[in-house]
Amino acid sequence: MPGTDRSICQALELKGHKVTRLPYTPGKSIKLDKKYDVIFNLCDGLEDDLDFVEFQVLKDIEKTRIPFTGNSLNTIRLCNDKRKIKQVLLKKNILTPNFQVFKSDKQKLRSDMKFPLIIKPVCADAAVGIYADSVVNTEKQLRQRVKRVLVRHKQPAALVSEYIAGRDLTIPVMGNKKIKVLDPTELKYIRSFKNKPNILSYAAKWHKGRPVYKDSITLVKNAKKRFSKEEMKKIKFAAKATYAAVGCSGYATVDARLDEKGNVYVIEINPNCWIGPKSDTALTLQKNYNVDYPGMIDKIVKIAKER
């Protein structure tokens, strides 16, 4: 997000760190000397970017052997492909919605796939390619949405998953070998979402003037009152297992759904998630660690030094 790097630099300086901002030009390698103690790594991709420019940045960072915040190249590369995340979850017996990858809108729907289904780009984050009508109930709708993902967003494939109607959770996780799962935030959908699927579309996430933006409210406080002990145990277990399964380090958030039967379905994981001052993740981390924003950023640096 624009401005996040400046906010982080200011936070680091307030904690007594000397900070250098290094510009990056796509196509050119970054050259670093050994005078730095830590590199603050914010590589998280660009909207509709299928060239994955962050991969080259991370390669350059890892070559320096200087400790860095956030996640490794291997983890970022894995998590850029929702197919691969799903495959890892299945291999580790972590509950996730049934899914199928579509490389064409003419592809046959498997008989075990049950409507309603949700269609997303296979290689995108930040709700890119997710619309209010991305949940479908017919094959005709399915093929239209798959075609939109493939053509409009120029994706190599569309990820089609069974839609889980339930509570929409985001669980922050921090650490390297020692993993700490923090209290989940929950998205509450009101008013304009009545009788509609509760999904965070691109408009609901980013378009501040839209009713759907105002009507998707993040609940940060009182997690222990909003979830039973058993629910919290399942949520944190799923988040920790997912974080470890994809090899995360530093910090990430896990997106999950809690259904009416108490099952926790992992949807995806977001390494190097947005940690700008106004982000839900930053607010949750500050609350859990009882620190201000500079204190939270300093905590991330300390975790990097422990790698």
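Take every DSSP beta bridge whose two residues both sit in the chain; close to 95 percent of them are antiparallel. Stretching Thr64 away from Glu260 to a fully extended chain increases their span by 65.7 nm, per 0.36 nm per residue minus the current alpha-carbon distance. Sorting Arg191, Arg148, Arg226, Arg307 by the number of Cβ atoms found within 10 Å of their own Cβ, with the fewest placed first, yields Arg191, Arg307, Arg226, Arg148. Computed from label points 7 Å out along Cα-Cβ, the spacing between Lys84 and Lys114 is 3.1 nm. Of all beta bridges that DSSP places with both ends in region 99-162, some 100 percent have antiparallel geometry. Ranking of Ser228, Ser7 by neighbouring Cβ atoms within 10 Å, starting from the fewest: Ser228, Ser7.
Which of these values of Cα extents along the principal axes in Å was calculated from the structure shown: [x] 59, 47, 41; [y] 56, 51, 35; [z] 105, 47, 38? For Cα extents along the principal axes in Å, the calculated option is [x].
Over the chain, with a Gaussian network built from C-alpha contacts below 10 Å, which listed residue (Ser111, Ser216, Ser29) shows the highest mean-square fluctuation? Result: Ser111 has the largest fluctuation of those listed. The mean sequence separation of alpha-carbon pairs under 8 Å and at least six residues apart, normalised by the residue count of the chain, gives a relative contact order of 23 percent.
Each reported figure results from applying straightforward, stated rules to the coordinates on display, with no laboratory input. From a predicted model like this one, the values you see are computed outputs, not experimental measurements. Heads up, the Cβs are rebuilt from the backbone with ideal geometry, glycines too, and the neighbour counts pull from every protein chain shown.
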